Amino acid sequence: MFTGIIERTGIIRASRSVSGGQKLSVEVGSMASELTLGASVAVSGVCLTVSNTTNDSADFDVIKETLSLTTLGSKRVGDKINLERSLRVGDRLDGHFVQGHVDGLAEITSVISSSQEWVAWLRPEKTVAAFIIPKGSVTIDGVSLTIAAVDQDTFSVALIPTTLTLTTLGNLKSGDKVNIETDIVARTIVHHLNQVGDAKGITLGSLRDAGFA
């Protein structure tokens, strides 16, 4: 379990194919001394397990399914990634509950950047779109954000200067793909409504038309 508050960015030092997937070696700086074998780390929003550490790096084994369903499959040596260690009991929850289980991808359709604001519009995969709600929570490449607006098949987020500085999101541009994890509460509610609807012949679309979703 994570919070979506990025501790630092890291750099992919090495990537090699292994049986069943790929092994990533990531420069994690001083975080390496606090990581143990088997520890969980959110790597750009993907929960991975530490398989080895050195002075300033950590290794992760990434299975084929994760490579195909997240942006990790397209990462290259030298790419920056967002890092967050797992939440400890008693820690402050400054973001929202994040599982590190990516629901799907979204494509950046536009970025509005000026001295007054930084706003990105994204088009999520259809399997994710139902869980995107105005003012709800969403995790983008591991970063906890609030959805600013929803418009048909796209949604927007606005970032503050601190987030732009401390994460990789400030480098996003149109056409880039990002990992999306939707809010666990929104997913649970929509799943329940779908199950109830299936049993009673009600669709989520009909609930929206009636003003209930």
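The values are calculated or read from the model by the stated rules, or taken from the named source; none is laboratory data. Remember, it's a predicted structure, so these values are computed and weren't measured experimentally. Heads up, the Cβs are rebuilt from the backbone with ideal geometry, glycines too, and the neighbour counts pull from every protein chain shown.
Below is a table of values for the structure above.
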{"read-out": "Of all residues in segment 44-66 being in contact (Cβ under 8 Å) with a residue 40 or more places away in the chain, in contact with a Lys or Arg (Cβ under 9 Å, 6 or more places away or on another chain) and over 17 Å from Glu181 (Cβ atoms), the one that is surrounded by the fewest Cβ atoms within 10 Å (Cβ to Cβ)", "value": "Asp61"}
{"read-out": "Hits in segment 83-110 - residues which are surrounded by fewer than 18 Cβ atoms within 10 Å (Cβ to Cβ) and hydrophobic (A, V, I, L, M, F, W, C)", "value": "Val89, Leu93, Phe97"}
{"read-out": "Pick from segment 1-22, criterion crowded, with 16+ Cβ neighbours inside 10 Å and free of Cβ contacts under 8 Å to residues at least 60 places away in the same chain, ranking: nearest to Gly78 (Cα to Cα)", "value": "Gln22"}
{"read-out": "Matching residues, segment 140-169, being loosely packed, with under 15 Cβ neighbours inside 10 Å, of a type outside the set (A, V, I, L, M) and in contact with a strand residue (DSSP E or B) (Cβ under 9 Å, 6 or more places away or on another chain)", "value": "Thr146, Asp151, Asp153, Pro161"}
{"read-out": "Check on Val196, farther than 15 Å from Ile147 by Cα and of a type in the set (A, V, I, L, M)", "value": "yes"}
{"read-out": "Any hit, segment 120-135, residues being surrounded by 12 or more Cβ atoms within 10 Å (Cβ to Cβ), over 20 Å from Ile184 (Cα atoms) and β-branched (Val, Ile, Thr)", "value": "no"}
{"read-out": "Those residues of segment 43-53 which are assigned to a strand (DSSP E or B) and not hydroxyl-bearing (Ser, Thr, Tyr), in sequence order", "value": "Val43, Val46, Cys47, Leu48, Val50, Asn52"}
{"read-out": "Residue check, Lys177 outside the structural domain of Thr71 (by TED's automatic domain parsing), touching a residue at least 60 places away in the same chain (Cβ under 8 Å) and either surrounded by fewer than 18 Cβ atoms within 10 Å (Cβ to Cβ) or touching a Pro at 6+ places or on another chain (Cβ under 6 Å) (or both)", "value": "yes"}
{"read-out": "Members of segment 1-42 found to be of a type in the set (D, E, K, R), assigned to a strand (DSSP E or B) and under 18 Å from Ser144 (Cβ atoms), listed by number", "value": "Arg8"}
{"read-out": "Flag for Ala32 being over 19 Å from Thr139 (Cα atoms) and buried (at least 20 other Cβ atoms within 10 Å of the Cβ)", "value": "no"}
